[in-house]
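Down below is the structure, laid out as structure tokens.
Readers should treat all values here as calculations from the given coordinates under stated rules, not as data from a laboratory. Remember, predicted model here, so these are calculated numbers, not experimental data. Here the Cβ positions follow ideal geometry from the backbone for every residue, glycine too, while neighbour counts run over all protein chains shown.
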Amino acid sequence: MVWLCLLSPTTLSPMKTFDELSEREILALAISLEEEDERVYADFADGLKQDFPASAAVFDGMREEESGHRRRLIELFRRKFGEHIPLVRRQDVKGFVERRPVWLVRPLGLDTVHKTASSREVETRRFYEKAAKRT
């Protein structure tokens with residue numbers, strides 16, 4: 001433990017900026033983000049099904065779409081880098097957008113859910129555009 005005293009506070013921080021991530025780490029992050037979106041959309045569907053069944057069905061469809069994205073990314077990762085997918089999450093990357101967990105609130109407001117989903121889709125598009133420039 002003595003060696004820790006010799007490290008600067010920035011050395012102790014395991015966080016990287018997006019620009020410091022390797023292609024392997026970017027792909028692992030993409031997998032993590034797709035899983036997160038899938039789970040959030042499932043929570044939205046669950047929270048809306050009683051009062052807004054049509055909207056719940058839309059979010060269930062979005063969940064299925066995100067699940068498909070995640071599966072394809074996992075297949076790509078395995079072809080390129082092997083079986084082990086490192087855990088890289090949004091909170092592990094400096095400057096990455098933080099998201100308020102509105103999906104935990106009950107009852108869910110339809111307007112809040114729609115705004116949140118729209119924002120997630122825009123953020124995801126930006127992530128993939130930036131990732132495409134790096135890989």
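With a ≥ b ≥ c taken as the square roots of the eigenvalues of the C-alpha gyration tensor of the range 50-114, please select rounded if a/c is under 1.5 and otherwise prolate if a/b is larger than b/c or oblate if it is not? In terms of gyration-tensor shape, oblate.
Applying the Karplus relation 6.51 cos²θ - 1.76 cosθ + 1.60 with θ = phi - 60° to the range 125-135 yields 3J(HN,Hα) values of 4, 4, 4, 5, 5, 5, 5, 5, 6, 8, 10 Hz, where x marks Gly and Pro. The count of lysine pairs in the chain with alpha-carbon distances below 26 Å, taking only pairs 8 or more places apart or on different chains, stands at 12.
In whole Å, how far is the Cα centre of the range 18-62 from that of the range 93-131? A separation of 9 Å, based on Cα centres. Between the helical axis of 23-48 and the dominant principal axis of the chain, each derived from Cα atoms, what acute angle in degrees is found, rounded to the nearest 10? In the chain, helix 23-48 runs at an angle near 30 degrees to the longest axis. Shape class for the chain: prolate, because the ratio a/c of the largest to smallest gyration tensor axis (alpha-carbon atoms, square roots of eigenvalues) is 1.5 or more and a/b beats b/c. When the square roots of the Cα gyration tensor eigenvalues are ordered a ≥ b ≥ c, the ratio a/c for the range 86-131 is 1.5 or more and a/b does not exceed b/c, which makes its shape oblate. Ordering M62, M15 by the number of other Cβ atoms within 10 Å of each residue's own Cβ, fewest first, gives M15, M62. For K16, the amide hydrogen comes within under 5 Å of the amide hydrogens of K94, counting only partners 5 or more places away or on other chains and with H modelled in the peptide plane. Taking Cα centre as origin and charging only the Cβ of basic (Lys, Arg, +1) and acidic (Asp, Glu, -1) residues, the dipole magnitude of the range 21-135 rounds to 500 debye.
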